[in-house]
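Below is one structure, written out as structure tokens; the observations come after it.
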Ligand code: NAD
Ligand code: DAU
């Protein structure tokens, strides 16, 4: 069915990959990308597809209720895929205010616009509409050595970021139960792949390792994340929009738990093979530096993605090996993109965070 999709945050890491997927695979869908272009959003990431028919970019804030209402009316939006967020845990620790504003107030603003447009009395359009809220596994807190997060796991957010995402999930559910808004929620594990801003672990390590700079590993490097190639996440979201049951949450993950130190060592080894060791002849592993731990650092995340597999037939296509191979090659072939996003504000952030 033809859809008119409002993608929020379509210039960020996952949003860009999702917009590219839609423009390639759903050519009859209209895609309206609303993005504020914060430090994490980059128009260069959509180079080559920005003139595709059916694609429109709007620079704006999801908290701007007049703008959002206008977009719903003007484009007759029937589907929302809501990525826009402040997404970096470390930034939420040093400056939580923006997280409350964008992640909670912004989600509320979108829900209100959808409610007013889709649930107008007598119009009965809402059956055809979907509001997909892209959330995170971090809402569930931290696991011990065993166990998995399921859709039934109680919420236990432990950083300002995950608390703000949890709040937005609760608002989305409330709009389903109270008003009957046709919502869906996805809670995904750590993504990696092309176009990720270099303040997150994998692109940060790749960039520093290529430049011969220290590779900061928080604490003992033993924290575990469940890594998923971004393309698999985007395909899961498309599947949930088309076939998900309204009012439900779907956990998405890669069955791919790795300790942070393992990930960093793997990246060093891959670069040593692909571009050769450091000038000194040493492996890039010699750059690994254990630094002060993140405050409240969640120890382990791991997703049980059984529900989306059973109900919607989604499983990841990429293994960690195939996904990492594609990712490292992409960063090696797109050094110009990396340079273009590391502007003055990135360098200031990096110095404040890591000291040099
Ligand atoms: P990102 O930080 O790379 O991108 C966020 C995008 O949102 C940017 O383009 C930014 O400009 C835009 N944005 C921020 N505030 C805005 C506002 N007020 N109005 C309009 N646009 C705004 O984030 P990401 O890693 O692509 O994550 C996207 C979504 O997926 C987030 O909601 C995040 O919580 C969720 N998520 C991310 C991961 C992950 O591993 N990256 C995993 C699970 C869920
Ligand atoms: O689990 C899903 C979440 O994954 C998403 O909701 C978030 O938006 C996304 O940013 C990501 O959060 P993390 O905090 O897990 O990602 P990050 O890349 O910041 O860190 C991954 C792990 O690596 C984490 O345990 C902290 C550690 N780390 C991170 C950085 C930036 C380091 O050891 N050194 C670093 O320099």
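Just one of the listed residues (180, 193, 147) is more than 15 Å from ligand 1 (Cβ to nearest atom) and either buried (at least 21 other Cβ atoms within 10 Å of the Cβ) or over 18 Å from residue 252 (Cα atoms) (or both), and it is 180. Filtering region 128-153 to residues that are more than 17 Å from the chain's Cα centre (by Cα) and under 19 Å from residue 176 (Cα atoms) leaves 128, 129, 130, 151, 152.
Per-residue answers, yes or no, for (1) within 30 Å of residue 151 (Cα to Cα); (2) over 21 Å from the mean Cα position of the chain (by Cα):
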| site | (1), (2) |
| --- | --- |
| 222 | yes, yes |
| 230 | yes, no |
| 239 | yes, no |
| 257 | yes, no |
| 268 | no, yes |
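Being part of a helix (DSSP H, G or I) and either out of contact with any strand residue (DSSP E or B) (no Cβ under 9 Å at 6 or more places or on another chain) or within 10 Å of ligand 1 (Cβ to nearest atom) (or both) is true of residue 105.
Mind telling me which of the residues 92, 126 ends up being more than 22 Å from residue 19 (Cα to Cα), free of Cβ contacts under 8 Å to residues at least 60 places away in the same chain and crowded, with 16+ Cβ neighbours inside 10 Å? If you could, list the steps in order and put the result at the bottom.
Values: 92 fails: free of Cβ contacts under 8 Å to residues at least 60 places away in the same chain.
Of the residues listed, the single one that is more than 22 Å from residue 19 (Cα to Cα), free of Cβ contacts under 8 Å to residues at least 60 places away in the same chain and crowded, with 16+ Cβ neighbours inside 10 Å is 126.
Screening residue 178 with (1) closer than 24 Å to residue 96 by Cβ; (2) without any contact (Cβ under 8 Å) to a residue 60 or more places away in the chain gives one miss only, at (1).
In region 208-219, of all residues being surrounded by fewer than 21 Cβ atoms within 10 Å (Cβ to Cβ) and in contact with a helix residue (DSSP H, G or I) (Cβ under 6 Å, 6 or more places away or on another chain), the one that is nearest to residue 323 (Cα to Cα) corresponds to 216.
Within region 107-122, is there a residue that is touching a residue at least 60 places away in the same chain (Cβ under 8 Å) and under 30 Å from residue 295 (Cα atoms)? For region 107-122, residues touching a residue at least 60 places away in the same chain (Cβ under 8 Å) and under 30 Å from residue 295 (Cα atoms): present.
Of the strands (runs of 3 or more DSSP E) lying entirely inside region 246-353, those containing at least 1 residues that are closer than 18 Å to residue 17 by Cβ, within 15 Å of ligand 1 (Cβ to nearest atom) and modelled with pLDDT of 95 or more span 249-252. Tell me whether region 152-161 contains one or more residues that are in contact with a strand residue (DSSP E or B) (Cβ under 7 Å, 6 or more places away or on another chain) and modelled with pLDDT of 95 or more. There is no residue in region 152-161 that is in contact with a strand residue (DSSP E or B) (Cβ under 7 Å, 6 or more places away or on another chain) and modelled with pLDDT of 95 or more. The residues of region 95-105 that are away from ligand 2 (no atom under 14 Å from the Cβ), touching a residue at least 60 places away in the same chain (Cβ under 8 Å) and under 19 Å from residue 35 (Cβ atoms) amount to a single one, 104. Exactly one residue out of 68, 139 is part of a helix (DSSP H, G or I) and away from ligand 2 (no atom under 16 Å from the Cβ): that is 68.
Residues that are touching a strand residue (DSSP E or B) at 6+ places or on another chain (Cβ under 9 Å) and more than 27 Å from residue 267 (Cα to Cα) do not occur anywhere in region 221-230. Of the residues contained in region 63-75, none is found to be out of contact with any helix residue (DSSP H, G or I) (no Cβ under 9 Å at 6 or more places or on another chain) and within 27 Å of residue 202 (Cα to Cα). Quick check on region 203-217. Is at least one of its residues more than 14 Å from ligand 1 (Cβ to nearest atom), farther than 19 Å from residue 269 by Cβ and in contact (Cβ under 8 Å) with a residue 40 or more places away in the chain? Among the residues of region 203-217, not one is more than 14 Å from ligand 1 (Cβ to nearest atom), farther than 19 Å from residue 269 by Cβ and in contact (Cβ under 8 Å) with a residue 40 or more places away in the chain, which makes the answer no.
The values are calculated or read from the model by the stated rules, or taken from the named source; none is laboratory data. Since the model is a prediction, treat every value here as computed from it, not as a measurement. Positions of Cβ are backbone-derived with ideal geometry, glycine not excepted, and every protein chain shown enters the neighbour counts.
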